[in-house]
1. On average, how much accessible surface per residue is there in the chain, in Å², for a 1.4 Å probe, leaving out ligands, DNA and RNA?
2. Quote the FRET efficiency, to the nearest 0.05, computed for residue 12 versus residue 182 with a Förster distance R0 of 30 Å and r equal to the Cβ-Cβ distance.
3. Apply 1/(1 + (r/R0)^6) to the Cβ-Cβ distance of residue 173 and residue 5, taking R0 = 25 Å, and write down the FRET efficiency to the nearest 0.05.
4. So, by mean Cβ neighbours within 10 angstrom, what's the order for 89-96, 47-54 with the highest one leading?
5. Percent of accessible area on segment 120-182 owned by carbon and sulfur, 1.4 Å probe?
6. Using packing as a proxy for protection, rank 25-37, 103-115 so that the peptide with the highest average count of other Cβ atoms within 10 Å comes first.
7. At residue 148 and residue 53, where each label point lies 7 Å from the Cα along Cα→Cβ, what is the point-to-point distance in nanometres?
Amino acid sequence: MSRKLIPLSVSDTSAFAKSLRTQLSLHQGLPSHLQFLNMLARAAGHSNFQNLRAKADPSGSEQILPASAPAAEPEIDRKLIDRVLRSFDGDLRLMRWPSRRMDQITALWVLWSQIPAAREMPEKEVSALLRDRHLFGDHALLRRELCDVGLVNRTRDGSVYKRIERPMPANAAAILRQRASR
């Protein structure tokens, strides 16, 4: 039986690689075939591999195979969460830029959650929002990092920004849940 080819295109290879690396670093051990396909699809901006496959064949003519067992919930790293939480104040403003890259990425996810979804914003508005959400005086660093990590898109001239919708990693989601429960 021949396999149906499912094309995968990404607009930003660097953001794709960073997103995939983040997912792999959060995964315990070697992912299964399906878990890896889901990671690839999520890194490209799809919700999962099924979503990617559906978009590749909108007619639905492809035979749907029974789904395998659901993937296990990713482990939550309590030490990482505690370290990142210490970087934020009570109003969820970033007080200092974390030194560890994984902590930085997790902090960026928390900031990402505070950017309005599905809305194009001029650079001045994004800068004002980030200026209000941190206390160490470098909103340009945060703006660049959000783009570099693939959480925000900007036009070539940098005048318009838009949040990229992606599933939030478990550690960042745990930080938001923990703050909401206080």
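The values are calculated or read from the model by the stated rules, or taken from the named source; none is laboratory data. Just so you know, these numbers come straight off a predicted model, no measurement behind them. Glycine gets a Cβ as well: all are built from the backbone with ideal geometry, and neighbour counts include every protein chain shown. What goes into the accessible areas is simple: the full protein's heavy atoms, side chains included, and nothing from ligands, DNA or RNA. Shrake-Rupley method; radii C 1.70, N 1.55, O 1.52, S 1.80 Å.
1. Numbers: 10930 Å² over 182 residues.
That works out to 60 Å² per residue.
2. Numbers: r = 36 Å, r/R0 = 1.19.
Plugging the Cβ-Cβ distance into 1/(1 + (r/R0)^6) gives 0.25.
3. Numbers: r = 34 Å, r/R0 = 1.35.
For R0 = 25 Å, the calculated efficiency reads 0.15.
4. Values: 89-96: 12.8, 47-54: 16.2.
Put in order of decreasing packing, that is 47-54, 89-96.
5. Numbers: 1640 of 3400 Å².
The C+S portion of the solvent-accessible surface of segment 120-182 is 48 percent.
6. Numbers: 25-37: 13.2, 103-115: 20.5.
Order by mean packing, descending: 103-115, 25-37.
7. 3.7 nm
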